[in-house]
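So the structure is just underneath, and the comments pick up after that.
The values are calculated or read from the model by the stated rules, or taken from the named source; none is laboratory data. It should be emphasised that the depicted structure is a prediction, and the values quoted were computed from it without experimental measurement. Using ideal geometry, Cβ is built from the backbone for each residue, glycine included, and neighbour counts are taken over all protein chains shown. Just the protein is used for accessible areas: all its heavy atoms, side chains included, with ligands, DNA and RNA removed. Shrake-Rupley method; radii C 1.70, N 1.55, O 1.52, S 1.80 Å.
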Amino acid sequence: MFNGRSIRRINTRFTEALYLKHLAEDVQKRHSYAWRRNGKWLNIIRALHRRSRNIVIDWSRKFAKYIVLKAKRTKSVIVLEDLEKLWFNSSQKSKTLADKLSRFAYGKLQLAIITKAVEYDVPIIFVDPRNTSSTCPRCGVKLTYNHRLAVCKRCGFTADRDKIGAINIYLKALQILAPCQGSRGTHPMTDETRPKGGSLKDEPMTTHIKTYTSI
Ligand SMILES: [Zn+2]
């Protein structure tokens, strides 16, 4: 999470959920194809998957409530990546257990946040996730990665992938809300028009703005 001043890494229960998925997979492997016909093993496998899913859903709902109430209290906007354009919807879908679970978790978390935001009248901005982890947030050049750590060759900015993503998502939202310094609500430099037109101030708080910048 990035609020314009500081980065915060949130502890999720993802590892715990993934562990249960691995346990289920182990049972399946150990018993080859026999588990399919064995009611007892089938039940164990299903229970493990169910517990894993419940952990993700439960955590997502709790976190969504926390973040939406925080946004409401501080009169903030929540900025999310547009899921439809995310990397994991591209053709090169990864089949590993961790990737499958993270796709599932990301979807559930977004859904939970959107649901809570509607309930509490907190506005959400969806930004195009393209290049959010590959562009230097300080100078804008393309970053090179060493595992999850990136160092900008031009300005020396160093951060891990998640931090860079969070800062860039924030910056994209700023460009939508205030494309020029000092001007609030001016239309960004895109071909698209705002869904309902009019200035930000006139819009009800429940409006879900869906705008993309062209960068
Ligand atoms: Zn840089």
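Considering segment 116-132 alone, what residues qualify as being assigned to a loop (DSSP other than H, G, I, E, B), open to solvent by less than 30 Å² (accessible area, probe 1.4 Å) and either within 16 Å of the ligand (Cβ to nearest atom) or out of contact with any Asp or Glu (no Cβ under 9 Å at 6 or more places or on another chain) (or both)?
Answer for segment 116-132, where residues must be assigned to a loop (DSSP other than H, G, I, E, B), open to solvent by less than 30 Å² (accessible area, probe 1.4 Å) and either within 16 Å of the ligand (Cβ to nearest atom) or out of contact with any Asp or Glu (no Cβ under 9 Å at 6 or more places or on another chain) (or both): Val122, Thr132.
Just a yes or no: is a residue in segment 129-141 modelled with pLDDT of 90 or more and either of a type in the set (A, V, I, L, M) or farther than 25 Å from Arg8 by Cα (or both)?
Checked against the condition, which is being modelled with pLDDT of 90 or more and either of a type in the set (A, V, I, L, M) or farther than 25 Å from Arg8 by Cα (or both), segment 129-141 yields at least one hit.
For segment 96-150, name all the residues that are of a type in the set (Phe, Trp, Tyr) and touching a residue at least 24 places away in the same chain (Cβ under 8 Å).
Selection gives Phe104, Tyr120, Phe126.
One residue is enough: does segment 48-68 have a residue meeting the conditions away from the ligand (no atom under 16 Å from the Cβ), open to solvent by 60 Å² or more (accessible area, probe 1.4 Å), among the charged types (D, E, K, R) and closer than 19 Å to Gln175 by Cα?
Checked against the condition, which is being away from the ligand (no atom under 16 Å from the Cβ), open to solvent by 60 Å² or more (accessible area, probe 1.4 Å), among the charged types (D, E, K, R) and closer than 19 Å to Gln175 by Cα, segment 48-68 yields no hits at all.
Out of the residues in segment 16-42 that are part of a helix (DSSP H, G or I) and surrounded by fewer than 10 Cβ atoms within 10 Å (Cβ to Cβ), state the one that is nearest to the chain's Cα centre (by Cα).
Lys29
Can you name the residue in segment 72-115 that is assigned to a helix (DSSP H, G or I) and more than 16 Å from the chain's Cα centre (by Cα) and, of all such residues, is modelled with the lowest pLDDT?
Looking at residues that are assigned to a helix (DSSP H, G or I) and more than 16 Å from the chain's Cα centre (by Cα), I get Leu97.
Only one residue in Gly156, Gly140 is near the ligand (Cβ under 9 Å from one of its atoms) and loosely packed, with under 13 Cβ neighbours inside 10 Å, so which one is that?
Gly156
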